[in-house]
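The values are calculated or read from the model by the stated rules, or taken from the named source; none is laboratory data. Remember, predicted model here, so these are calculated numbers, not experimental data. Cβ placement follows ideal geometry from the backbone for every residue including glycine, while neighbour counts extend to all protein chains displayed.
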Amino acid sequence: MKDVVTKEELREALEERIGSRLLEKFESSTVAICGLGGLGSNIAISLARAGVGKLILIDFDRVDVSNMNRQQYKVAQIGMEKTEGLRENLREIAPYIELESHFVKLEDSNYHRLLKDADVICEAFDVAEEKSKLVDFVMENMPEKYLVAASGMAGLATPNSIKTHRVTSHFYLCGDGESDVEKLGSLFAPRVMLCAAHQATTVLRILAGKMEA
Amino acid sequence: MVKINGIETETQGMTLTEYLQTTSYNPGRIAVERNGDIIPKAKYEETVLCDGDAIEIVSFVGGG
């Protein structure tokens, strides 16, 4: 195993795959991820692999044993702040990505300060009311931002029901829209990852300038 | 005629708050789009549905 891969080696390998035009767009972009659970931890890893230049990681929670069924943490990280755990894991995958982390609860008083530098904001909370509040705030106060949110990925309904819907020019909603963890009681790694993959793909499409009506 | 989630309704003249009270939507768990823009919750009370409006209501459910 190779201990040190240089920034140039990683960049060249990525450039060979995706081309310099896309890579330059991705590496000059900043994406905020609000909530680092099953959605957020998977979105972050996908975007880091794709070459996004900077991630803003926001969560107020610590890694818990109950997270192991679907979130991108390790048993050895139980008890650690999720911001710190994810930072460690991202560093192992993409050592040169710029990371800014905030171990804090997002709310009215700090939305603007924490999100103002992002080109795209991912809503990756688990509580429905928190999702709704963030969407309201960003759409009203930061209309120039793109927002990619999620609703409905609990249970084991068909994976084909997970979709991405463009609600407005700047607001995309991923998920099946109805599978509520409060009713179904369970979340499964692959179905949550599917929804996270929809979100991460949508972010890359926005950054690439491929937005469909 | 006001189109709500693709269905034509006769709700013109109602405020958004009044309309939502006739439905099972929980205002704390939705986003409402009208003619391409999201209407923030603080404006539901003063938003009057107009003839020709196209409204979409999306629901948030728990899990992440």
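So, of the residues in segment A:38-69 that are of a type in the set (G, A, S) and within 14 Å of chain B (Cβ to nearest Cβ), which turns out to be surrounded by the fewest Cβ atoms within 10 Å (Cβ to Cβ)? Working first, answer last.
In the first step, residues of segment A:38-69 are kept if they are of a type in the set (G, A, S); the result is A:38, A:40-41, A:44, A:46, A:48, A:50-51, A:53, A:66.
Those still in the list that are within 14 Å of chain B (Cβ to nearest Cβ) too: A:38, A:40-41, A:44, A:66.
Values: A:G38: 29, A:G40: 29, A:S41: 29, A:A44: 29, A:S66: 9.
Only one residue tops the list, namely A:S66.
Looking at A:G35, is it closer than 19 Å to A:V120 by Cβ, crowded, with 18+ Cβ neighbours inside 10 Å and within 14 Å of another protein chain (Cβ to nearest Cβ)? Judged against the criteria, A:G35 is a match. Among the residues here, A:A208 does not qualify as within 21 Å of B:I55 (Cβ to Cβ), modelled with pLDDT of 95 or more and more than 7 Å from chain B (Cβ to nearest Cβ). Can you pull out the residues in segment B:1-20 that are buried (at least 17 other Cβ atoms within 10 Å of the Cβ) and polar (S, T, N, Q)? Residue satisfying the conditions is B:T11 alone. If the condition is being part of a loop (DSSP other than H, G, I, E, B), more than 9 Å from chain B (Cβ to nearest Cβ) and crowded, with 18+ Cβ neighbours inside 10 Å, then segment A:143-169 contributes only A:I162. Residues in segment A:175-204 that are assigned to a helix (DSSP H, G or I) and surrounded by fewer than 16 Cβ atoms within 10 Å (Cβ to Cβ): A:E182, A:K183, A:A189, A:P190. Return the residue satisfying two criteria in turn: it lies in segment B:21-38 and is β-branched (V, I, T) and within 9 Å of another protein chain (Cβ to nearest Cβ), and of such residues it is surrounded by the fewest Cβ atoms within 10 Å (Cβ to Cβ). The extreme case among them is B:I30. Evaluated against (1) crowded, with 16+ Cβ neighbours inside 10 Å; (2) within 22 Å of A:S29 (Cα to Cα); (3) free of Cβ contacts under 8 Å to residues at least 60 places away in the same chain, A:V127 falls short on exactly one condition, (2).
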